[in-house]
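J.: This is the structure, below, for whatever I ask next.
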Amino acid sequence: MASNTLQRRGLMFILSSPSGAGKTTISRMLLDRDPEIRLSVSATTRPIRPGEQDGVHYHFVDQGEFDRMVEADEFYEWATVFGHSYGTPKAQIRAGLKEGRDFLFDIDWQGTQQLYQKDQQDVVRVFILPPSIDELRRRLTGRGTDSAEVIAARMERARAEISHWDGYDYVVVNDDVEACYAQVCEILHAERMKRARQTGLIGFVRELMKD
Ligand code: 5GP
């Protein structure tokens, strides 16, 4: 039996980047191509949008239920965004990690810090950078229909996010999307192989050492 088929503990894989650096594309590629990783489903108080499914895109809850979950310490982290509450429920993730499932988090640096503080051993933090500021501006300019002010505000937000690059375990430059995806996969595969995550090793080695 190859060592990478041994039982292992899952991990919490965080991808952060300024908007326009390709995080959403890389996340989608990972979810489409790697059956062992799934998106963490947050709870939120915001109304459900057309096309969304409860339990798939979010767990849609009312404010009373959300407050109860905060009180009961049922979130890894939570925040208020545009007037609605969002949080990462612990229970589903704890159970999944134990069974060797990996969870993908598409969150900003603040959410990353909170998750890391709660669970350092299971968290792997990856930051994606654009290849240059000109390329980022080009990607944020979109179809050319936005005003100079809107683009300037987006660039400012991107710069603020980039300034937190040093709070991550890995930093990948997204010059070419397939190359960036390949690097992200290398990180994920190596992290899965870490001795501390390979919970099946003790039994496997004990078997090897028999007489
Ligand atoms: P939307 O309502 O458009 O799906 O998401 C609005 C914002 O909430 C996004 O910036 C998204 O990253 C953030 N968000 C979604 N889920 C969570 C969560 O569990 N925790 C935190 N801190 N933010 C979240």
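The values are calculated or read from the model by the stated rules, or taken from the named source; none is laboratory data. These numbers come from a predicted model, not from an experiment. Here Cβ is always computed from backbone atoms with ideal geometry, including for glycine, and neighbour counts include all displayed protein chains. For accessibility, only protein heavy atoms count, side chains too; no ligands or nucleic acids. Shrake-Rupley method; radii C 1.70, N 1.55, O 1.52, S 1.80 Å.
J.: Quick one: how many residues across segment 102-134 are under 22 Å from M193 (Cα atoms), surrounded by fewer than 18 Cβ atoms within 10 Å (Cβ to Cβ) and in contact (Cβ under 8 Å) with a residue 12 or more places away in the chain?
T.: Final tally of qualifying residues: 2.
J.: If we scan segment 62-78, do we find a residue that is under 16 Å from the mean Cα position of the chain (by Cα), open to solvent by less than 10 Å² (accessible area, probe 1.4 Å), among the charged types (D, E, K, R) and closer than 28 Å to W165 by Cα? First the steps, then the outcome.
T.: Our first condition is that a residue be under 16 Å from the mean Cα position of the chain (by Cα); within segment 62-78, this holds for 75-78.
From what is left, the residues that are open to solvent by less than 10 Å² (accessible area, probe 1.4 Å) are 75-76.
Keeping just the survivors that are among the charged types (D, E, K, R) gives none.
No, because not a single residue in segment 62-78 is under 16 Å from the mean Cα position of the chain (by Cα), open to solvent by less than 10 Å² (accessible area, probe 1.4 Å), among the charged types (D, E, K, R) and closer than 28 Å to W165 by Cα.
J.: So in segment 84-101, with the set limited to residues that are open to solvent by less than 20 Å² (accessible area, probe 1.4 Å) and within 12 Å of the ligand (Cβ to nearest atom), which one is nearest to R8 (Cα to Cα)? Outline the logic, then answer.
T.: Looking only at segment 84-101, we keep the residues that are open to solvent by less than 20 Å² (accessible area, probe 1.4 Å), and these are 85, 87-89, 93, 96-97, 100.
Cutting the leftovers down to within 12 Å of the ligand (Cβ to nearest atom) gives us 85, 87-89, 93.
Working: S85: 33, G87: 27, T88: 23, P89: 22, I93: 15 Å.
Going through the qualifying residues, I end up with I93.
J.: Additional query: Being of a type in the set (A, V, I, L, M) and near the ligand (Cβ under 10 Å from one of its atoms), is that true of even one residue in segment 72-83?
T.: Here is the first cut: in segment 72-83, the residues of a type in the set (A, V, I, L, M) are 72, 79, 81.
Now narrow it down to the ones that are near the ligand (Cβ under 10 Å from one of its atoms): 79, 81.
There is at least one residue in segment 72-83 that is of a type in the set (A, V, I, L, M) and near the ligand (Cβ under 10 Å from one of its atoms).
J.: If the requirement is being among the acidic types (D, E) and either at pLDDT 95 or above or at positive phi (or both), which of these qualifies: E191, E161? Break it down stepwise before answering.
T.: Values: E161 fails: either at pLDDT 95 or above or at positive phi (or both).
Only one candidate qualifies: E191.
J.: Follow-up. Counting just the residues of segment 31-45 that are surrounded by 15 or more Cβ atoms within 10 Å (Cβ to Cβ) and assigned to a loop (DSSP other than H, G, I, E, B), which one comes out nearest to the chain's Cα centre (by Cα)?
T.: S40
J.: I'm trying to understand the selection: among the residues of segment 46-71, which are assigned to a loop (DSSP other than H, G, I, E, B) and away from the ligand (no atom under 15 Å from the Cβ)?
T.: D62
J.: Also: Is there a residue in segment 135-153 that is open to solvent by 60 Å² or more (accessible area, probe 1.4 Å), among the polar types (S, T, N, Q), in contact (Cβ under 8 Å) with a residue 40 or more places away in the chain and in a loop (DSSP other than H, G, I, E, B)?
T.: Within segment 135-153, none of the residues are open to solvent by 60 Å² or more (accessible area, probe 1.4 Å), among the polar types (S, T, N, Q), in contact (Cβ under 8 Å) with a residue 40 or more places away in the chain and in a loop (DSSP other than H, G, I, E, B).
J.: If we keep just the residues of segment 1-25 that are at pLDDT 95 or above and outside any loop (DSSP other than H, G, I, E, B), which is farthest from the ligand (Cβ to nearest atom)?
T.: Across segment 1-25, the extreme among qualifying residues is F13.
J.: Next up: Are there any pairs, at least 6 apart or on different chains, whose C-beta atoms fall under 9 Å, with the first in segment 46-63 and more than 13 Å from T88 (Cα to Cα) and the second modelled with pLDDT under 95 and part of a loop (DSSP other than H, G, I, E, B), and if so, which?
T.: Between residues of segment 46-63 that are more than 13 Å from T88 (Cα to Cα) and residues that are modelled with pLDDT under 95 and part of a loop (DSSP other than H, G, I, E, B), the close pairs are R46/F82; R46/G83; I48/H57; R49/H57; G51/H57; V56/V41.
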